[in-house]
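Below: one structure, written as structure tokens.
The values are calculated or read from the model by the stated rules, or taken from the named source; none is laboratory data. Quick caveat, the model's predicted, so the values are computed rather than measured. Here the Cβ positions follow ideal geometry from the backbone for every residue, glycine too, while neighbour counts run over all protein chains shown. For accessibility, only protein heavy atoms count, side chains too; no ligands or nucleic acids. Shrake-Rupley method; radii C 1.70, N 1.55, O 1.52, S 1.80 Å.
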Amino acid sequence: MDEKVIQAPFVQEMMDATYNMWRMGWDERNGGNISYLLTEEEVSSYLDITRVLRNLPLNFPVPELSNKYFIVTGSGKYFKNVKGNPEDCLGILRVSELGDSIDILWGLKNGGNPTSELPSHFMSHIARLKVDKNHRVIMHNHATNVLAMTFTHELEEKSFTKTLWQMCTECVVVFPDGVALLPWMVPGTDLIGEKTAEKMIDYRVVIWPQHGIFGAGTTMDETFGLIETVEKAAQIYTIIHSHQGGVKQVITDKDLIALASAFGVTPREGILQG
Ligand code: 13P
Ligand code: ZN
């Protein structure tokens with residue numbers, strides 16, 4: 001039975017994504033977490049959904065997610081190890097009818113718990129589902145250059161977004177809504193979950209200064225690609241700002257407006273002039 005679960009496309013996607021995130025250097029040690037919304041049909045094709053292994057209480061009730069299924073990374077699990085031991089590092093769960101507990105249906109084999117960032121994940125899923133019915137994935141990691149940029153760039157959403165758009169020509173096309181920023185906060189708390197979710201109504205990217213990035217998307221690839229693009233722009237920023245010679249030319253506002261129009265996207269208002 002368990003071998004069958006591991007063959008499920010959504011388990012394979014989690015194994016590949018965690019491994020790729022680790023390869024990118026975004027997930028040192030147990031850094032990072034993913035949660036992926038699944039349908040009952042998907043889960044029941046690979047698993048007996050009436051067999052509950054454990055029930056864990058939630059101290060932040062999520063009635064909006066009542067009876068919804070997720071596959072999540074476990075707390076303290078190293079992303080480099082997920083591929084080799086998915087049943088220990090991942091868990092498939094269902095939110096209870098009242099939204100006040102979760103049933104573990106598979107995985108987290110050795111008594112593990114879902115990621116400590118579950119409040120931010122669940123609250124972000126609720127926010128994104130309000131604005132995007134196809135929403136499915138929340139991904140968090142410690143993308144190196146995004147993190148670096150939160151030390152060297154002012155922490156203001158509009159100017160941070162504009163700098164990122166200016167770093168690679170296709171950024172404005174990939175994230176026309178820009179990026180949101182929170183103040184530095186203690187991770188793993190309900191409060192950072194609430195603040196992240198408030199931003200997720202309007203943004204698919206939320207940056208936690210000196211910590212990392214949250215991305216939302218409809219597929220694993222799209223979410224990975226979103227974070228990859230923001231991280232690439234932050235890398236260019238960090239490279240060019242460590243250059244003695246400084247920056248000699250930029251992508252202008254006029255260029256970005258022309259680009260957005262050519263690709264049919266609408267950049268968030270109030271950032272570009274012209
Ligand atoms: P978990 O191992 O609990 O998922 O925590 C990792 C992390 O990145 C916390 O922000
Ligand atoms: Zn983290």
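So that you can scan it fast, the table gives a plain yes or no per residue for (1) in a loop (DSSP other than H, G, I, E, B); (2) open to solvent by 40 Å² or more (accessible area, probe 1.4 Å):
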{"position": "H125", "(1), (2)": "no, no"}
{"position": "R128", "(1), (2)": "no, no"}
{"position": "M139", "(1), (2)": "no, no"}
{"position": "F151", "(1), (2)": "no, yes"}
{"position": "T161", "(1), (2)": "no, no"}
{"position": "T169", "(1), (2)": "yes, yes"}
{"position": "D177", "(1), (2)": "yes, yes"}
{"position": "P183", "(1), (2)": "yes, yes"}
{"position": "V186", "(1), (2)": "yes, yes"}
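Could you please find all residues in the range 26-58 being more than 14 Å from ligand 1 (Cβ to nearest atom), within 22 Å of the chain's Cα centre (by Cα) and either farther than 23 Å from E97 by Cβ or in a loop (DSSP other than H, G, I, E, B) (or both)? Result: T39, L58. Select from the range 5-16 the residues that are in a helix (DSSP H, G or I) and more than 14 Å from ligand 1 (Cβ to nearest atom) and list them in ascending order. Hits for the range 5-16 are V5, I6, Q7, P9, F10, V11, Q12, E13, M15, D16. With the requirement that a residue be away from ligand 2 (no atom under 16 Å from the Cβ) and not hydrophobic (A, V, I, L, M, F, W, C), what does the range 24-47 give you? Correct list: Y36, T39, E40, E41, E42, S44, S45, Y46.
Kindly establish whether E194 is surrounded by fewer than 22 Cβ atoms within 10 Å (Cβ to Cβ), under 29 Å from L58 (Cα atoms), within 16 Å of ligand 1 (Cβ to nearest atom) and more than 14 Å from the chain's Cα centre (by Cα). So E194 passes the test.
Applying the set (1) in contact (Cβ under 8 Å) with a residue 40 or more places away in the chain; (2) away from ligand 1 (no atom under 15 Å from the Cβ); (3) within 24 Å of K68 (Cα to Cα); (4) in contact with a strand residue (DSSP E or B) (Cβ under 9 Å, 6 or more places away or on another chain) to V95 leaves exactly one unmet item: (1). For the range 207-236, which residues satisfy the criterion of being within 15 Å of ligand 2 (Cβ to nearest atom) and either of a type in the set (S, T, Y) or touching a residue at least 60 places away in the same chain (Cβ under 8 Å) (or both)? Hits for the range 207-236 are I207, Q210, H211, G212, I213, F214, G215, I227, E231. Whenever a residue of the range 254-274 is modelled with pLDDT under 95, its partners that are among the hydrophobic types (A, V, I, L, M, F, W, C), lying with C-beta atoms within less than 7 angstrom and at least six residues away or across chains, give the pairs G274/I257. Exactly one residue out of S101, S124, S116 is over 21 Å from the mean Cα position of the chain (by Cα) and at pLDDT 95 or above: that is S101. Candidates I239, I251: the one that is open to solvent by 20 Å² or more (accessible area, probe 1.4 Å), farther than 17 Å from A127 by Cα and not in a loop (DSSP other than H, G, I, E, B) is I239.
Does S116 count as surrounded by 21 or more Cβ atoms within 10 Å (Cβ to Cβ), under 19 Å from Q210 (Cα atoms) and not hydrophobic (A, V, I, L, M, F, W, C)? Judged against the criteria, S116 is not a match. Residue count for the range 20-47 satisfying the condition of being farther than 15 Å from T223 by Cβ and either open to solvent by 70 Å² or more (accessible area, probe 1.4 Å) or among the basic types (K, R) (or both): 6. Of the residues making up the range 59-82, those that are over 18 Å from the mean Cα position of the chain (by Cα), surrounded by fewer than 17 Cβ atoms within 10 Å (Cβ to Cβ) and part of a loop (DSSP other than H, G, I, E, B) are N59, F60, P61, S66, N67.
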